[in-house]
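Taking it in order: structure first as C-alpha cells, then the write-up.
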Amino acid sequence: MEKILVTGSAGFIGFHLTKKLINSNYQVYGIDNINDYYDVNLKYARLAEMGITPIDSQCEDDNFQKMKWGLEISSKKYNNYRFKRLDIQDKENLLNIFQTEKFDYVINLAGQAGVRYSIENPDVYIQSNIVGFFNILEACRRFKTKKLIYASSSSVYGNNTKIPFSISDKTDEPVSLYAATKKSNELMAHAYSHLYQIPTIGLRFFTVYGSWGRPDMSPILFANAICEGKKLEVFNNGDMERDFTHVSDIVEGIGRVIKISFNNGEFFKLFNIGCGAPENLIKFIKTIEDNLGKKANLQYLPMQPGDVKQTWADTNELTEYCNYKPSTSIDEGIKEFISWYCKFYNVP
C-alpha cells in the first residue's frame with residue numbers, strides 16, 4: 001500500500017482529499033497546525049468525521065479545543081489514516097516524520113489562505129507559504145519523494161484580461177501578497193525539480209466550494225447573510241464571474257494527478273484545475289437563495305484591493321494528461337453545500 005502525506009489535512013480541501021485517498025486504499029498520514037485563522041471547531045469537526053477524536057491525555061485542555069502538538073493519533077474509523085498536529089514551519093519535526101515514514105507521495109495543501117487577509121496580516125503568508133513550503137521541498141529532496149503535488153492558485157494570473165486563463169499565460173504581475181507567495185511556490189518547485197530531479201506538480205485551484213468549506217469563503221458568507229437577514233456585500237457591483245469548482249471535482253482531479261507519469265527528463269508540471277466554465281456571481285447567489293428558500297439583501301460595493309473581475313480555467317492540459325472532466329453543476333454543487341450547511345449550523 002503506497003503511503004501519502006497530506007499537509008493541511010484538517011482544512012477544507014485536505015479533509016475531502018484525505019477521505020478520497022483513504023477510500024482509494026492509500027495509507028494516509030495527515031498533518032495540520034490547526035491555526036485560528038477561522039473557527040477551530042470546524043477543523044476539529046472535520047477531524048472527528050475522519051475518526052480523529054483524541055482522548056483527554058492527547059489534549060491541552062478539557063474541551064478538546066487544543067490537541068497536543070506532535071502527538072500521533074490513529075483514526076478510529078479508518079485503519080489506513082493517522083494524524084499529527086504539526087506546522088510545516090517546524091522543520092526539525094517535519095524532517096523526522098519524513099525519515100520515519102518514508103512517504104511515496106506528498107500533497108502539500110498547508111499554507112495560509114485568503115487574498116484579503118494577506119493585506120491585513122502579511123507576515124503569516126511569508127512564514128507559512130514561503131518558509132513552510134521550502135521545508136517541504138527540503139524534506140522531499142532529502143528523502144527522495146517520488147512526487148510532490150502542491151496547491152497553487154488562480155490568483156497568480158492577477159488582472160489577466162485574456163480568457164480563459166492558460167498555463168502559458170504571463171503570471172509575473174500578482175495583485176495580492178497571497179498570489180505572490182503562490183507564484184513563489186511554483187518558482188521554488190521549478191528550481192528544486194531542475195536541481196534535484198524531484199517530480200513536482202503545481203495545481204492552480206479555481207474558486208473551490210462545497211460542504212465543510214471555510215467560513216471566510218463566499219458560499220458560507222453568502223448563506224450566513226441570507227439566513228440572518230443581513231446585507232450581503234457584492235463587490236464590483238455584481239459584475240464578477242468565478243470559475244466555481246465543486247470540491248468533489250477538485251479531489252477527483254488530484255487523485256488522477258498522483259498517477260501522472262513524467263516524460264524522460266521532465267520533472268516539473270503546472271496545471272489549472274477548475275470547472276472550466278465561469279459563473280456570474282449574481283446567479284451563484286440566486287442559486288443559494290433558491291436552495292435556502294430565502295431572499296438576499298444585496299449591497300453593491302466597488303472592487304476590493306487584490307480582487308479580480310473574472311476567473312476562467314483552461315483545463316485542456318489536465319484533461320489531456322489524466323482525462324480530468326469536472327462533472328458537478330452549480331445546481332448540484334450548491335444543493336450539496338446547502339444541505340450540509342443547514343445540518344452543520346442547525347439552520348431550519
Checklist entry - Restricting the search to the range 172-206, which residues are assigned to a loop (DSSP other than H, G, I, E, B) and at pLDDT 95 or above? => result Gln197, Ile198, Pro199, Phe206
Checklist entry - What pairs can you find where one residue is in the range 127-156 and more than 15 Å from Glu92 (Cα to Cα) and in contact (Cβ under 8 Å) with a residue 60 or more places away in the chain, the other is of a type in the set (S, T, N, Q) and in a helix (DSSP H, G or I), and their Cβ atoms are less than 7 Å apart, with a gap of 6+ or different chains? => result Ser152/Asn185
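If a residue has to be over 29 Å from Ile258 (Cβ atoms) and either buried (at least 16 other Cβ atoms within 10 Å of the Cβ) or among the charged types (D, E, K, R) (or both) to count, how many in the range 299-334 make the cut?
6
With the condition being at pLDDT below 95 and of a type in the set (Gly, Ala, Ser), I'd like the strands (runs of 3 or more DSSP E) fully within the range 78-164 carrying at least 1 qualifying residues. It would help to see each step written out before you state the result.
Values: elements: 81-85, 105-108, 147-153.
Passing ranges: none, list empty.
Name the residue, out of Val106, Val115, that is under 25 Å from Ile254 (Cβ atoms), out of contact with any Pro (no Cβ under 7 Å at 6 or more places or on another chain) and crowded, with 21+ Cβ neighbours inside 10 Å.
Val106
Any idea which residue in the range 285-303 is nearest to Arg116 (Cα to Cα), counting only those that are in a strand (DSSP E or B) and not polar (S, T, N, Q)?
Leu301
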Item to check | Test: Arg214 is of a type in the set (Lys, Arg), closer than 25 Å to Asn121 by Cα, in contact (Cβ under 8 Å) with a residue 24 or more places away in the chain and crowded, with 22+ Cβ neighbours inside 10 Å | outcome: no
Checklist entry - Of the residues Lys295, Lys269, which single one is surrounded by 14 or more Cβ atoms within 10 Å (Cβ to Cβ) and in contact (Cβ under 8 Å) with a residue 40 or more places away in the chain? => result Lys269
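The values are calculated or read from the model by the stated rules, or taken from the named source; none is laboratory data. From a predicted model like this one, the values you see are computed outputs, not experimental measurements. For neighbour counting, all protein chains shown are included, and Cβ atoms are generated from backbone atoms with ideal geometry for every residue, glycine included.
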